[in-house]
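What follows is a short report on a single structure.
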Amino acid sequence: MENKILELIKKYKKIIIARHIGADPDALGSTFALKEIILENFPEKEIYVAGTPVAKFKFFGTHDKITEELYQDALLIALDIPDIKRLDGVDYYKFKDTIKIDHHPEIDKFSDIEIIDVDASSACELIAKWCYKCNLKMPKHAAENIFIGIIADTNRFLFCSNKPETYKIVLDLIQKERINPNELYEILYKRSIPEVRLEGFISLNMKVNKNGLGYVKITAKDLKNYGVDSASVGSIMNNYNFIDGLMCWVVFTEDVKNGVIRTSARSRGIKINKLFEQYNGGGHAYACGAKLKNFSEADEIIAKLDELCKEYKEDE
């Protein structure tokens with residue numbers, strides 16, 4: 001399949017790369033790494049990255065504005081996304097040919113030309129494997145983007161999907177591409193004082209019930225008080241993974257600008273992605289999110305997550 005992807009890329013002069021809404025380091029790292037890899041090996045091509053920019057992660061690269069003219073005779077490469085409705089910045093139905101590379105459980109069938117590996121640590125890992133298997137040159141900045149994506153999605157290898165080949169990819173990035181992990185850790189993990197204080201707010205206000213469900217609602221007023229935006233919560237969620245008595249945790253954050261309630265959830269052992277797919281969200285079995293209409297939907301999710309936690313405890 002890797003060679004089929006390469007042949008389709010060779011066929012098109014114009015390529016648009018897209019990923020999921022609410023992009024995280026893996027989504028950003030994989031899209032911009034792929035752009036740089038293609039341009040390094042095929043400099044005559046036009047490569048565009050679609051999606052809403054994330055101010056915190058300017059390091060990865062600059063997004064492009066996708067106009068109607070760009071759709072004509074363009075190939076779509078969709079990364080780190082299992083469902084069409086969550087593609088950011090492009091209209092899937094305007095493309096004749098599509099490639100999909102992803103590590104989530106599949107929801108929508110994008111294309112016959114795809115790599116889907118739910119056991120892979122990240123989309124970034126899959127891009128690196130594809131690059132090396134096709135014997136393509138990898139620019140150093142692309143390697144740095146891939147490293148950050150792998151580290152972010154595994155939380156420094158604390159999470160599952162840590163197969164030996166994941167470590168081999170990281171070793172190749174360090175030895176072959178000569179990246180500096182220490183410098184990249186600083187880019188990924190440096191946080192502002194307001195974000196640290198927001199984490200304190202979440203810890204103090206998270207309610208934890210008898211079934212091990214933790215949840216907290218953050219209003220626009222709370223965000224204003226701490227001087228942060230609604231996107232700041234994402235980097236905090238993984239910090240609650242090893243708390244005794246906490247089996248599942250979810251944070252609901254009011255996003256006034258976009259008129260939604262940003263929702264991010266994690267769990268240990270309890271599969272929650274199918275629930276979030278019911279609310280136009282989704283993700284991995286144990287890490288997912290959604291954009292809700294209001295806090296009433298948040299209450300629905302709290303009740304349903306509580307039931308999942310209860311069932312999980314009874315089955316242990």
- Message: Being surrounded by fewer than 21 Cβ atoms within 10 Å (Cβ to Cβ), farther than 26 Å from LEU188 by Cβ and touching a Leu at 6+ places or on another chain (Cβ under 8 Å) is true for just one of ASP306, ASP299. Which residue is that?
- Response: ASP306
- Item | Residue within the range 264-276 that is assigned to a loop (DSSP other than H, G, I, E, B) and among the aliphatic types (A, V, I, L, M) present | yes
- Residue count, the range 229-249, condition assigned to a loop (DSSP other than H, G, I, E, B), at pLDDT 90 or above and touching a helix residue (DSSP H, G or I) at 6+ places or on another chain (Cβ under 7 Å), comes to 2
- Query: Do any residues in the range 31-51 that are in the same structural domain as TYR12 (by TED's automatic domain parsing) have Cβ atoms under 8 Å from those of residues that are in a loop (DSSP other than H, G, I, E, B) and among the β-branched types (Val, Ile, Thr), where the two are at least six apart or on different chains, and which pairs are they?
  - Reply: TYR48/ILE66; VAL49/THR62; ALA50/ILE66; ALA50/VAL90; GLY51/ILE21
- Task: Select, from ILE187, ILE236, the only residue that is closer than 17 Å to ALA287 by Cβ, in contact (Cβ under 8 Å) with a residue 12 or more places away in the chain and of a type in the set (Val, Ile, Thr).
- Result: ILE236
- Message: Which of the strands (runs of 3 or more DSSP E) found entirely inside the range 1-95 contain at least 2 residues meeting this: among the β-branched types (Val, Ile, Thr)?
- Response: 14-18, 46-49
- Taking the range 59-82 and keeping residues surrounded by 19 or more Cβ atoms within 10 Å (Cβ to Cβ) and either in contact (Cβ under 8 Å) with a residue 60 or more places away in the chain or of a type in the set (Lys, Arg) (or both) leaves PHE60, GLY61, ALA74, LEU75, LEU76, ILE77, ALA78, LEU79, ASP80, ILE81, PRO82
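The values are calculated or read from the model by the stated rules, or taken from the named source; none is laboratory data. Because the structure is a prediction, the values reported are computed rather than measured. Because the Cβ atoms are built from the backbone with ideal geometry, glycine has one as well, and the counts that use them run over all protein chains shown.
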